[in-house]
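One structure is given here, and the rest of the page talks about it.
Throughout, read-outs are computed from the coordinates displayed, never taken from laboratory work. The structure displayed is predicted, hence computed values, not measured ones. We place every Cβ from the backbone using ideal geometry, glycine too, and count neighbours over all the protein chains shown.
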Amino acid sequence: MIQKKRSECIRGTGVTLEVLVDGSGPALVVLPSYGRGSGEDFDAFAQMVSAAGFTVLRPQPRGIGGSQGTMSGLTVHDLAADIALVIRSLGSGQAIVLGHAFGQGVARMLAVDHPSLVQGIIMAAAQCSAVSPEISKTPHQACDLNAPVEERLAALRKGFFAPGHDPAVWIQGWYPETMQMEVHCAGTVSQAEYWSAGSAPILEIIPDSDPFKPRAYWGELRQQLGDRVTTEIVTDASHALFPEQPEQVANVVIAWCQRLLADG
């Protein structure tokens, strides 16, 4: 029987974080992409992973759901500290951390700043080192709640959804204030501060139709960071990934996490 997710509330200095919790077992923390929450986008994925024996922890970013705190003057280090609080409070002090798109940058910073908390990093739909301006602006266009719906749908088709997938499932669920905060945070750190993800093992999940990482860049991360990177390709998916192929992603994540934990 599948258990419905429950909500936990944890408090730190100047911050309150709502965390959606599924299942029991070793902890997998899931961090969402720019301007989006950790709820509905990941529900199907979280059910599958928790059914395989994991606790899936989904912290809502500041400004979403019950997560509240300072929204100005932050850096990615602060966002990583929020996730460290979650792992210490609900993950028994260690977790595998999955970051989707923007979330993978927070995951990598966490592995640099708090290495003892991180058993491994999963980078889902991480962008390559050379994204075109036309593609880079699609999250901002999709998050513009004052723009015509058709313009926002066009941005979602271009940047986030593979042909044959309905981008309308993402027309809701955008949080402009949170996105503004995250964009500011991303601009406060150099790539060199987080790129290595410390020394954590890394699983990179690449959607085969993701314009943020064209095929020519699929081997980039492994060339940069070496054998600790495992790369898996998910077919018939773009940058949104989780609403498109939750089962494929869940199967890849479960298998890698099980191997990682078995190897100790």
- prompt: What is the magnitude of the charge dipole of the chain about its Cα centre, with +1 placed on the Cβ of each Lys and Arg, -1 on the Cβ of each Asp and Glu, and no other charges, expressed in debye to the nearest 20?
  reply: 380 debye
query: Which longest uninterrupted range of the chain lacks any trypsin sites (Lys or Arg not before Pro) assigned by DSSP to a loop state (not H, G, I, E or B) and surrounded by at most 14 other Cβ atoms within 10 Å?
result: 5-136
Percentage relative contact order, the chain, counting C-alpha pairs under 8 Å, at least six apart: 20 percent
statement: Note to self: C-alpha centroids of segment 2-48 and segment 99-116 sit apart, in Å, by 16 Å
statement: In this structure, the FRET efficiency calculated for Arg259 and Asp236 from their beta-carbon separation, with R0 = 30 Å, to the nearest 0.05, is 0.75
- prompt: Where the only charges are on Cβ atoms (+1 Lys, Arg; -1 Asp, Glu), what is the dipole of segment 17-93 about its Cα centre, to the nearest 20 debye?
  reply: 160 debye
